[in-house]
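Participant: Just passing along the structure, written as structure tokens.
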Amino acid sequence: MITEPQVHEPLTTADLAGTSTQVRGEQQPEANNQNAVPLFAQGEAEQFRSAWRDIQTSFVDEPRSAVQKADEQVARCIKRLAEIFAEERTKMEREWDKGDNVSTEDLRQALRRYRSFFDRLLSV
């Protein structure tokens, strides 16, 4: 779940551009506590990893079946990711889709949440 920061920082051109900082010659996203939140819950991610380990182990005895199971596992993971996106999107839309009563601050916060979610997607 994405939470609203307690301090409202002004939206800057750098925010809109999603700038990054240079650390040891590598591009690193700017620190943002919301970006640290994984898309999958810990237990759910571990279930995906455990199933993947089982698939890899089964390859030696049943390579064709292992590849088929790998395909199914990736499809399940992508489907779940789409569900998570739909849930997050619904939450974010509620905040900014208030008709004419939405403030610029509400829109700024919505844009920050979308940026955070986008960054989380790219980190997968």
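Just so it is clear, none of the values below were taken in a lab; they were calculated from the coordinates. The structure presented is a predicted model; accordingly, all values stated were derived computationally and were not measured. Cβ coordinates were reconstructed from backbone atoms using ideal geometry, including for glycine residues, and neighbour counts include every protein chain displayed.
Participant: Given labels modelled 7 Å from the Cα in the Cβ direction, how far is it in nm from E93 to F59?
Facilitator: Result: 4.0 nm between the two label points.
Participant: Name the trypsin sites (Lys or Arg not before Pro) in region 83-116 that are in a loop by DSSP and that have at most 15 other C-beta atoms within 10 Å, would you?
Facilitator: Values: sites: R89, K91, R94, K98, R108, R112, R113, R115; in loops: K98.
Within region 83-116, the qualifying trypsin sites (Lys or Arg not before Pro) (loop, at most 15 other Cβ atoms within 10 Å) are K98.
Participant: Okay, moving on. On full extension of the chain, what length is gained from E105 through L122, given 0.36 nm per residue of separation minus the C-alpha to C-alpha distance? Mind showing how you got there, number by number?
Facilitator: Values: separation 17, 0.36 × 17 = 6.12 nm, distance 2.57 nm.
Length gained, E105 through L122: 3.6 nm.
Participant: Where the convex hull is taken over the Cα atoms of region 39-122, what is its projected area averaged over directions, in nm²?
Facilitator: Numbers: hull surface 25.6 nm².
The directionally averaged projection comes out at 6.4 nm².
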